[in-house]
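Worksheet: one structure, shown below.
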């Protein structure tokens, strides 16, 4: 029998773990576990994928070759407002593509993510 491993964990650098944790708790209701002062982990239960943020003055941006993690939202405008209110920055305004629309944002530690929705969503 061949094994086909699946992705199950992702890690991001974060220059400010406190602000990053607060941002994702506020906007996306993620739950975190701290492992010392330099690492926080989020769970699949709250985020849909296991992962974490480690203390570093680096960030992931698509234009620099980083993979882009994309959230699915039923209400794109409401999600965008929540991101801005929690200290995120919209760096690519909402645009349409076949079947959907999305925007990109930067969280407080500088990592880029995107949010998409179906066109009728």
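Of all residues in segment 75-85, those satisfying the criterion of being surrounded by fewer than 18 Cβ atoms within 10 Å (Cβ to Cβ) and either within 20 Å of residue 17 (Cα to Cα) or modelled with pLDDT under 95 (or both) are 82, 84, 85.
When residue 59 is tested against (1) crowded, with 16+ Cβ neighbours inside 10 Å; (2) out of contact with any helix residue (DSSP H, G or I) (no Cβ under 8 Å at 6 or more places or on another chain); (3) assigned to a strand (DSSP E or B), just one condition goes unmet, and that condition is (3).
If you take the residues in segment 40-56 that are in a strand (DSSP E or B) and in contact with a helix residue (DSSP H, G or I) (Cβ under 8 Å, 6 or more places away or on another chain), which one is surrounded by the most Cβ atoms within 10 Å (Cβ to Cβ)?
Keep residues of segment 40-56 that are in a strand (DSSP E or B), which gives 40-42, 50-55.
With the extra rule that they be in contact with a helix residue (DSSP H, G or I) (Cβ under 8 Å, 6 or more places away or on another chain), the set shrinks to 40, 42, 50, 53, 55.
On the way: 40: 22, 42: 23, 50: 15, 53: 25, 55: 16.
Going through the qualifying residues, I end up with 53.
Considering segment 1-16, and only residues there that are touching a residue at least 12 places away in the same chain (Cβ under 8 Å) and out of contact with any strand residue (DSSP E or B) (no Cβ under 7 Å at 6 or more places or on another chain), the residue that is farthest from residue 111 (Cα to Cα) turns out to be 7. Scanning segment 87-117 for residues that are touching a residue at least 40 places away in the same chain (Cβ under 8 Å), assigned to a loop (DSSP other than H, G, I, E, B) and more than 13 Å from the chain's Cα centre (by Cα) returns a single hit, 87. Evaluation of residue 30 against the conditions (1) out of contact with any strand residue (DSSP E or B) (no Cβ under 8 Å at 6 or more places or on another chain); (2) crowded, with 17+ Cβ neighbours inside 10 Å shows that the sole unmet condition is (1).
Quick one: count up the residues across segment 64-84 that are closer than 16 Å to residue 26 by Cβ and in contact with a helix residue (DSSP H, G or I) (Cβ under 8 Å, 6 or more places away or on another chain). Residues meeting the conditions: 5.
The values are calculated or read from the model by the stated rules, or taken from the named source; none is laboratory data. Nothing here was measured: the structure is a model prediction, and the numbers come from that model. Here the Cβ is made from the backbone with ideal geometry for all residues, glycine too, and neighbour counts use every protein chain on show.
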